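Asks: Here's a structure for you.
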């Protein structure tokens, strides 16, 4: 099965917003065994929409449109589809009631005219109910092809994809068993990871593919298996077993880089380990300026294991709040193994935690010295018994240095908790 | 002038990466008076690229392609364009030398074969030199249309757009004078902002347009003027004066919401004011967990006015590090006007700063109570003389609550520094 995604809206063409919808939709469709063969974006004009839908339909069996379904005069997707599919619009009381209930739930007054207009829908479309907004999805069929129109607001689109579109596509186009397994790595680039698992990748059977999904400092590895033979009652179970075996093989090849599976983030893994071990954790941050504390506290329930943090940007804060000795700062500087050790040890006392992380570095773009270049970062983890220190040299971009330091530091805490370092 | 952007690469179609290139390109082209009429993405196959280029050319005068120019076997954009434009590939010594010099600069060994392949380029293309990577840009012309191929790596694409593509397009298609002015607002949604400036927007002459560029908690307002009459030597100056006048009118309508102009971020504005006033600033954060400190320290040179911060997630940290009284916490709770005031006042002493910001709230999704719902946030700013407190109720999404709190808090500090509150 093939799909083409068509984004409708002037705001995409003038670059007002970055289109994150279509990447999300591609991933979901792919997981369901549907190949996205093309994407396109057109503006909010009748002719552009007609041309866009026709072009999309010429490339794929399923066309999924987003955008242009609001009640304002800019939004003309519905009217254009009504014309293209030769429909009448009819008032749907049930849709009206649902939108009214939605407004009541979010405690907003109903604008009757606008809700009425959103309840007027084409007679030849299957209506896909939207429980989190006012724009219903629409499903048209013609000449064996499917045309789906969804609102462009990300959470409304996701709601309709999850609850209506994907289940309906699955029912209408039953696919062969397909199984995915994801492993997540940190602290190495895609090319290094790829080199280390080259032989594994080459040895994969035709029906199992490996995809690399890189982000700054992180690479996700996704194995996708498509059942190759005749489908029988145990095909799915056998494919699952095969994928789990391959996943275990892959894991064994990168024990030092893999931090988790599926969608668990590095900070969630660290949080889970802290919770399991009943340990309290805190940070003392200089160059990251609170970024690691921010990552840790993005996780719901992190207050169970995270009482707080000290951001010690200045020399004075390092000595006053963390007890770093003046002689250490004057002899070795704030960006040194010695200073970061004292910061970590001091943070345990100040924050009253079992395990502490300390970071000091030169984020840039200024502040570099011949022996301490921009991008140099020292980090330390301490549990009172032992204090481990690591040195890294990242790049010249301030925001990237802060982000990479956060990832390397969280991964160091993870390994410390697991006794791997 | 019209353009169509064509993104080439399987990684886009499987949703491995979010395409941020095309939004950036759209904005730059728009600023130069070129209208983007369509965007599309195709995979790395010869036929998909040919179809994609033809479709793009059927919609616009300029086709700008990105991606598929690497030296590996997946990258077939160059070979396909060579075929489409009936070219021979020839070796360019100057391109080879430039890539070799680039490798030397970044201290990496040269892989001769791969560099040689990157220096083989089509004879009918104008070569656009890439000083930050190995893939040259290519500029073809046919039947009065322009076809430009650029690498997909964002900073290489941006480098080539800024140094080669935009200047060449400007020279080849001289446009009428065009002037932009941007104002940035915080803490209100697009619809509220739009309502307040409705009369202004309606009164704008035909040749001046207003665009809304919203992000969570922020709305950018961009005025774009296109010179309407005959072009004379003073047209650009007169248009600039007119836009500056309109900008001042717009500013006067939203004095409470506008925090800055052009690209200056809220944390940069706060940093600039602190520097101008010679004030030291620090934060005491509970529910934001260090996010505001992170925003502040994203700004280069922030150590000049930011010595540090305390993230006090637990009751104990609030009392121990900030001196919040136990009786305050037991009578009013940590999420209260009283606690946040004491946090702000305590932070001034602990951090030794002139002005402090304190934040305490319930980020969610758990932890809500009947009288203190998820999304409730108290914040306070203190300079020792006076302490101002504000209460907000955001939504139910943890990450959004943290982000919005950061924006509202920075804006409160900005107004405090300006004496507006």
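Throughout, read-outs are computed from the coordinates displayed, never taken from laboratory work. Just so you know, these numbers come straight off a predicted model, no measurement behind them. Heads up, the Cβs are rebuilt from the backbone with ideal geometry, glycines too, and the neighbour counts pull from every protein chain shown.
Asks: Provide an ascending nm list, one decimal, of label-point separations from residue B:332 to the equivalent residue in each further copy; define each label point as 7 Å from Cα along Cα→Cβ.
Replies: So the distances to the same position in the other copies read 4.3 nm.
Asks: Mind giving me the nanometre distance, one decimal, between the label points for residue A:210 and residue A:232, set 7 Å out from Cα along Cα→Cβ?
Replies: It works out to 3.0 nm between the two label points.
Asks: Here's something else I'd like to know. Sort out for me the Cα centre separation of region B:1-78 from region A:134-209, rounded to whole Å.
Replies: 22 Å
Asks: For residue A:180 and residue B:18, FRET efficiency with R0 = 25 Å and r from the beta-carbon atoms, rounded to 0.05?
Replies: That pair, residue B:18 with residue A:180, gives E of 0.80.
Asks: Still on this model: Rg (Å, one decimal) plus Dmax (Å, integer) for the alpha carbons of the protein assembly as shown?
Replies: 28.5, 83
Asks: Can you compute the FRET efficiency between residue A:421 and residue B:155 using 1/(1 + (r/R0)^6), with r the Cβ-Cβ distance and R0 = 30 Å? Round to the nearest 0.05.
Replies: 0.35
Asks: Additional query: Rounded, prolate or oblate, given the Cα gyration tensor of chain B, with a/c below 1.5 counting as rounded?
Replies: prolate
Asks: Could you pull the copy-to-copy label distances for residue A:234, with points set 7 Å along Cα to Cβ, in nm to one decimal and sorted shortest first?
Replies: 9.0
Asks: If you don't mind, there's one more thing I want to ask. Beta carbons within 10 angstrom, averaged per residue: use that to sort the peptides B:83-93, A:14-24, highest first.
Replies: A:14-24, B:83-93
Asks: Going by average Cβ density within 10 Å per residue, which order do the peptides A:272-278, A:152-158 take, highest to lowest?
Replies: So the peptides A:272-278, A:152-158, ranked by packing, come out A:152-158, A:272-278.
Asks: Follow-up. Give me the percent of DSSP beta bridges within the protein assembly as shown that run antiparallel, rounded to the nearest 5.
Replies: Details: 100 of 152 bridges.
Around 65 percent antiparallel, to the nearest 5.
Asks: Taking every residue in A:390-403, how many Cβ atoms of other protein chains lie within 10 Å of its Cβ, on average?
Replies: 1
Asks: Going highest first, how would you order A:293-302, A:191-200, B:370-379, B:254-263 by mean Cβ packing within 10 Å?
Replies: The packing order, highest mean first, is A:293-302, B:370-379, B:254-263, A:191-200.
Asks: Shifting gears a bit: Compute the acute angle (0 to 90°) between the alpha-carbon long axis of helix A:337-351 and the principal axis of greatest extent of the alpha-carbon atoms of chain A; round to the nearest 10°.
Replies: Taking the Cα atoms of chain A, the angle to A:337-351 is about 70 degrees.
Asks: Across the residues of B:43-55, average count of Cβ atoms on other protein chains within 10 Å?
Replies: 2
Asks: Another question, then. Using 1/(1 + (r/R0)^6) with R0 = 60 angstrom and r between the beta carbons of residue A:88 and residue B:390, what's the FRET efficiency to the nearest 0.05?
Replies: Working: r = 52 Å, r/R0 = 0.87.
The formula returns an efficiency of 0.70 here.
Asks: Here's another thing I want to ask about it. Just to confirm the number: angle between the C-alpha axis of helix B:21-31 and the first principal axis of chain B, 0 to 90 degrees, nearest 10?
Replies: Roughly 90 degrees between the two axes.
Asks: Right, here's the next one. In region B:2-172, what percentage of the DSSP-assigned beta bridges are antiparallel, given to the nearest 5?
Replies: 40 percent
Asks: Among bridges DSSP assigns within region B:266-418, what percent are antiparallel (round to 5)?
Replies: Within region B:266-418, antiparallel bridges account for around 60 percent of the total.
Asks: While we're looking at this one, here's another question. Give the separation of the Cα centroids, region B:312-379 to region A:315-329, in Å.
Replies: Computed from Cα coordinates, the inter-centre distance equals 26 Å.
Asks: Also, I was wondering about something else. Can you list, shortest first in nanometers, how far residue B:45 lies from the same residue in the other copies, with each label 7 Å from Cα toward Cβ?
Replies: Relative to the other copies, residue B:45 has label-point distances of 3.2 nm.
Asks: Right, another one. Defining a contact as two alpha carbons under 8 Å apart and six or more residues distant in sequence, what relative contact order in percent does region B:178-261 show?
Replies: Computed value for region B:178-261: 46 percent relative contact order.
Asks: Moving to a separate point now. Hey, got the average number of other protein chain Cβ atoms within 10 angstrom for residues in B:295-306?
Replies: Mean number of neighbouring Cβ atoms from other chains: 5.
Asks: What nm value, rounded to one decimal, do you get for the distance between residue B:132 and residue B:261 when each label is placed 7 Å out toward the C-beta?
Replies: 2.7 nm
Asks: Hey, another quick one. Measure nothing but the geometry: give the 0 to 90° angle between the long axis through the Cα atoms of A:46-57 and the longest principal axis through the Cα atoms of chain A, rounded to 10°.
Replies: 80 degrees
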